[in-house]
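Here is the structure we will look at.
Readers should treat all values here as calculations from the given coordinates under stated rules, not as data from a laboratory. Note that this is a predicted model, so its numbers are computed, not measured. All Cβ positions, even for glycine, are placed from backbone atoms using ideal geometry, and neighbour counts span all protein chains on display.
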Amino acid sequence: MARAGAGFKAVLRRRALLAGAAALAASPAAAAPERFPEGFLWGVAASAPQTEGAAGRGLSIWDVFAARPGAIRDGSNPSVGTGFETFYPEDLDLTAGAGLRAFRFSIAWPRVQPQGAGAMNEPGLALYDRIVDAMLARGIRPFATLFHWDLPAALRGGWLDRDTAYRLADYAAIVGRRLGDRVRDFMVLNEPGVVAILGHALGRHAPGLASRTAWAAAMHHQNLAQGLGAAALRSVLPAGARIGAALSLQPCRPAAPGAEEAARIWDDAWNRAYLDPLFGRPYPARFAADLAPLLRAEDMRRIAARPDFLGVNYYSRMHMVPAPGSVLGATWGAAPPGTPMTALDWPVEPDGLLEQLRDLRDAYGNPEVFITENGAAYTDPPAQGGVIADPDRIGFLRAHLGQAARACAEGCRLRGYFTWTLTDNFEWAEGFVPKFGLVAVDRRTLRRTPKQSLAWLGGCARGNVVT
Ligand code: FCB
């Protein structure tokens with residue numbers, strides 16, 4: 001998602017990749033297997049707009065955004081994805097065959113309600129019946145996200161409009177009524193902070209806006225949608241259903257001397273503006289003036305529906321520098337010298353995951369947590385003998401799982417780990433260039449080829465241990 005900011009030169013990138021592989025191979029987790037508590041859940045995560053084709057659904061803001069010249073790095077769009085709507089039986093066979101027992105997927109709001117409101121599209125909902133049934137038939141526990149960024153384009157005001165939060169609650173009730181007899185675990189929103197910042201403050205993601213007022217509205221209206229959506233789900237789901245949120249949580253650090261305030265600004269804007277209201281606290285004080293025109297009585301109480309579980313999407317820390325005159329006043333700087341990088345120039349910092357999990361334990365009352373996304377883009381070699389060797393990805397996952405195991409041992413209530421992602425897919429503004437999958441997908445034929453990381457992760461899942 002181009003969150004690391006300014007790109008590095010290719011030669012630096014190659015050097016970093018080599019250094020990264022060496023550092024990860026030598027990590028303590030590689031030497032000493034780490035066990036997870038009994039019942040720990042192992043799965044993969046994906047989303048509708050990144051994997052489903054567009055046939056049979058209404059337009060989303062990502063279709064509109066991708067049509068802008070230059071918006072998507074390789075000129076692609078979300079019209080084909082990985083063909084998940086057709087290939088899901090094969091994808092679920094690969095998942096279950098490897099020994100992974102949970103699948104985080106998302107439901108496309110524009111498929112369920114092509115206009116974003118009012119009439120629902122029966123064939124659209126029926127697709128999710130089939131997908132969920134296919135998961136259950138294979139012993140896979142479905143985790144459903146209701147909103148993974150594909151806002152119906154027909155909702156003209158988008159997240160600028162408070163009404164969108166109420167429309168999301170209506171949609172949540174439709175989905176809950178339909179799937180609640182088979183899906184137990186729901187997340188209302190995925191990464192509202194990324195939608196607000198990349199989509200409304202920086203213009204790099206749909207809907208491509210870049211203003212402080214747009215950012216503040218997107219932040220608050222999504223938080224409200226999380227609260228209203230959770231309440232709507234709760235009112236239609238059977239007892240025992242579990243409702244959460246998936247947040248992008250990345251510890252923030254100054255990238256240079258004197259950048260401490262930049263790191264604090266970013267921590268407030270990226271992390272705390274979502275975590276704090278969800279857990280019953282006020283918004284970060286520095287945003288009071290931005291929020292004053294948006295906040296209405298009862299909003300904070302509605303948002304503060306303490307989740308049954310928190311989904312943590314962790315990729316790296318963020319290293320910040322001041323950016324005077326920019327919408328938020330801070331921007332991404334360089335990670336400390338020597339930090340390994342992925343192919344997207346995201347720093348590889350497994351210990352940042354432990355830092356994040358400890359913060360949730362110590363500062364937010366130790367909620368039940370799933371890591372709902374963690375993974376890495378690397379440049380994979382061509383298949384040999386039907387399999388793709390991806391040692392860098394295995395090294396990345398191993399190092400992060402090692403930190404996750406440590407968090408469990410330290411008393412964090414971490415209950416499971418979902419790798420981002422099963423198949424290489426549409427990586428937003430980066431198009432199909434970054435390869436995050438455990439399985440490669442031929443762009444022409446949509447044929448799937450597993451990478452070694454799939455079998456490796458499955459082995460960990462079977463033994464409930466990092467190998
Ligand atoms: C996360 C998104 C997910 C995917 C990964 C790489 O921020 O939630 O859809 O793009 O990044």
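Using only Cα atoms, what is the ratio of the radius of gyration of the range 323-467 to 2.2 N^0.38 Å?
Working: Rg = 17.1 Å, N = 145, 2.2 N^0.38 = 14.6 Å.
Dividing the Cα Rg of the range 323-467 by 2.2 N^0.38 Å gives 1.17.
May I ask for the Rg/Rh ratio of the range 75-214, computed from Cα atoms with Rh as the Kirkwood radius, given to two decimals?
Values: Rg = 16.1 Å, Rh = 16.2 Å.
My calculation of the ratio gives 0.99.
Ranked from highest to lowest mean number of other Cβ atoms within 10 Å per residue, what is the order of the peptides 320-330, 432-442?
Numbers: 320-330: 17.5, 432-442: 22.2.
The packing order, highest mean first, is 432-442, 320-330.
Quick one: compute the contact order of the range 414-453, relative version, from alpha carbon pairs under 8 angstrom and 6+ residues apart, as a percent. List each step's numbers first, then the result.
Numbers: 49 pairs, mean separation 12.5, N = 40.
Taking the mean separation of contacting Cα pairs over the length of the range 414-453, I get 31 percent.
So what's the back-of-envelope 222 nm ellipticity for the chain, counting only DSSP H runs of four-plus at -39500 (n - 2.57) apiece and dividing by all residues, rounded to 500? Can you show the working numbers first?
Details: 17 runs with 179 residues, N = 467.
When only DSSP H runs of four or more count, the value is -11500 deg cm²/dmol.
In Å, the Kirkwood hydrodynamic radius of the range 161-207 over pairs of distinct alpha carbons?
On the way: mean 1/r = 0.0803 Å⁻¹.
With all distinct Cα pairs of the range 161-207 included, I get 12.5 Å.
Could you sort 450-458, 255-263, 421-429 so that the peptide with the highest average Cβ count within 10 Å comes first and the rest follow in order?
On the way: 450-458: 22.2, 255-263: 15.9, 421-429: 24.9.
Those peptides, ordered most packed to least, come out 421-429, 450-458, 255-263.
Could you tally the net charge around Gly365, taking each other residue with its Cβ under 12 Å from the Cβ of Gly365, Lys/Arg +1 and Asp/Glu -1? Show your work: numbers first, answer last.
Values: positive: Arg281, Arg306, Arg361, Arg413; negative: Asp359, Asp362, Glu368.
Neighbourhood net charge equals +1.
Got the relative contact order for the range 30-163 handy, in percent, Cα pairs under 8 Å and 6 or more residues apart? Intermediate results must be reported in sequence, preceding the final value.
Values: 206 pairs, mean separation 43.3, N = 134.
Worked out over the range 30-163, it gives 32 percent.
How big is the range 258-334 by the Kirkwood estimate over distinct Cα pairs, in Å?
Working: mean 1/r = 0.0715 Å⁻¹.
Result for the range 258-334 stands at 14.0 Å.
Near the amide H of Arg415, under 5 Å away, which other amide H atoms are found, from residues 5 or more places off or on another chain, if H is placed in the peptide plane?
Under 5 Å from the amide H of Arg415: Val369, Phe370, Ile371.
Let me check I have the definition right: for the chain, take the eigenvalues of the Cα gyration tensor, multiply each by 5, take square roots. What are those semi-axes in whole Å, largest first?
Numbers: eigenvalues 172, 146, 103 Å².
That gives 29, 27, 23 Å for the three semi-axes.
Within 13 Å, Cβ to Cβ, of Asp150, how many net charges do the neighbouring residues add up to if Lys/Arg are +1 and Asp/Glu are -1?
On the way: positive: Arg57, Arg111; negative: Glu52, Asp63, Glu191.
Spelling it out: positives minus negatives among the neighbours equals -1.
With the contact rule set at Cα under 8 Å and sequence spacing of 6 or more, what percent relative contact order holds for the chain? Mind dumping the intermediate values first?
Numbers: 1024 pairs, mean separation 96.6, N = 467.
Value for the chain: 21 percent.
If you take every residue apart from Ala45 with its C-beta less than 9 Å away from the C-beta of Ala45, what net charge results, scoring Lys and Arg +1 and Asp and Glu -1? Walk me through the numbers before you get to the answer.
Working: positive: Arg104; negative: Glu373.
So the surrounding residues net to 0.
Please list log₁₀ I(q)/I(0) at q = 0.13, 0.15, 0.20, 0.24 Å⁻¹ for the range 374-452, using the Debye equation with identical point scatterers on the alpha-carbon positions.
Computed log10 I(q)/I(0) values: -0.46, -0.58, -0.88, -1.11.
Could you give the DSSP H helices of the chain that reach 15 angstrom or more along their long axis (alpha carbon positions) and whose average Kyte-Doolittle hydropathy is no lower than -0.5? Write out the running numbers ahead of the final one.
Numbers: long enough: 10-25 (23 Å, 1.13); 84-98 (21 Å, -0.13); 122-137 (22 Å, 0.57); 163-179 (24 Å, -0.04); 212-236 (36 Å, 0.11); 350-363 (20 Å, -0.82); 391-409 (27 Å, 0.02); 452-463 (17 Å, 0.23).
Helices meeting the criterion: 10-25, 84-98, 122-137, 163-179, 212-236, 391-409, 452-463.
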